[in-house]
Amino acid sequence: MLIDSFNRQVNYLRISVTERCNFRCQYCMPEKPFSWVPKEKILSFEALFSFVKVCIDEGINKVRITGGEPLLREDLHKFIRMIYDYKSDIDLAMTTNGYLLKNAALRLKNAGLQRINVSIDTLKPEVAYRIAQKDVLVQVLEGVNEALRVGLKVKINTVPMRGINEGEILDILEYCKVRDMPVRFIEYMENVHAQVDIKGMKSSELLAIIGSQYSFCDEGFDGHSPSHYYRLDDGYVFGIIEPYNDDFCSTCNRIRLTAEGLLIPCLYFDEAMSIKEAVEQGNIADAALILKEVVRTKPEKNRWGDADGEVSKRAFYETGG
Ligand code: SAM
Ligand code: SF4
């Protein structure tokens, strides 16, 4: 079992399998990065899998594949199948922008994937174009339909932004509600890679908008999720992630691995250790030591509250959000 210095059990690994993306979301990667990590520096699925096995053997029982856009990585379903075959009762999920989902959904489901989060910030094609800088909405919505059809559990992630999708909060809630898909509104997190003029909406504003149409009750936090949950009168539950709040840090159970092998104990910290050399040399004992050291040094709280106005340098497309 992996226990950190604050007595939290770490059982959740998020793997960003690529930093590359086919969208240019204004809040994440508005322009092509100055330099991509060269392909040869990216860990192969075999190398990643050898580390996943170490993690599972040490007590990780929840794995999420993310990116960049994970579906850009060829044969992703084979990687999912490796993990599933190693431990079929693992909670195996993925976060995607949904653009390539329609053709991939069945393959992913058959490989052992159970759940996906799809990022949908708008239901208007022209707004989707403005956010992703590409005509994406029809294809994304078709991807969601196909994922539901093949039996994947689908959640929607939405980043509410002033003057962009602020008028669509209720429409997105309704779109999710009628399909029985949970939605999580994620407060925009400033970072140096994002478009400078993006202004995120705070949870208080979102709750006021939702409250104008529905009555709901505060369900608080549930387990290890960073989402603050609310329940509408008809039982539908939605979540809001408030990164400036550190309420969820006391139950944080996650670590993150980037495509080039950096193991990160907290999204909001620059500290990280590389497992690349260890796994590429087949040195599993060293990989296990690095894992334990990263868990040991996991900070008590995220640094957003005390950042002194400093904007995070960490790119969401590298860490997988
Ligand atoms: N490309 C996939 C996608 O968009 O779902 C997976 C990677 S993306 C980095 C993971 C999540 O991070 C998405 O739901 C996205 O909306 C969110 N995200 C990216 N940049 C963000 C930011 N600056 N603030 C809040 N959420 C962000
Ligand atoms: Fe790509 Fe996802 Fe970032 Fe958008 S949020 S640019 S889809 S990685």
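Readers should treat all values here as calculations from the given coordinates under stated rules, not as data from a laboratory. All values reported here derive from a predicted model rather than from experimental measurement. FYI the Cβ positions are ideal-geometry reconstructions off the backbone, even for glycines, and counts take in every protein chain you see.
Across the stretch 12-310, the volume of the C-alpha convex hull divided among the residues equals 131 Å³ per residue.
The distance between label points at D180 and E126 comes to 3.6 nm (points 7 Å beyond Cα on the Cα→Cβ vector). Database remark: amide H of I15 closer than 5 angstrom to the amide H of R64, I65, T66, L257 (H placed geometrically; neighbours at sequence offset of 5 or more, or on other chains; Pro and chain starts carry no H). Amide H contacts of I156 (H built 1.01 Å from N, in plane; Pro and chain starts excluded): V118, V183, R184 sit under 5 Å, all sequence-distant by 5 or more or on other chains. Rounded to the nearest Hz, the phi-derived 3J(HN,Hα) couplings of the stretch 74-80 under the Karplus curve 6.51 cos²θ - 1.76 cosθ + 1.60 (θ = phi - 60°) are 4, 6, 4, 4, 5, 5, 4, where x marks glycine and proline. Measuring between alpha carbons in the structure, the pairs from K41/K292; K102/K155; K62/K313; K62/K199 lying more than 21 angstrom apart are K41/K292; K62/K313; K62/K199. Across every direction, the projection of the convex hull enclosing the Cα atoms of the stretch 28-78 has a mean area of 4.8 nm². Computed over the Cα atoms of the stretch 200-321, the ratio of the radius of gyration to the Kirkwood radius (Rg/Rh) comes to 1.08. Given in Å, the Rg to one decimal and the Dmax to the nearest whole number for the Cα atoms of the stretch 51-142 are 14.8, 47. Stretched out straight at 0.36 nm per residue, the stretch from L106 to D286 would grow longer than its current Cα-Cα span by 61.1 nm. Across the chain, Cα pairs under 8 Å and at least six residues apart give a relative contact order of 23 percent. Secondary structure note: in the chain, about 35% of the DSSP beta bridges are antiparallel.
Each label point was placed 7 Å from the Cα along the Cα-to-Cβ direction; for D89 and W36 their separation is 4.0 nm. A full extension of the chain between S225 and N22 corresponds to an added length of 70.3 nm, given 0.36 nm per residue minus the alpha carbon distance.
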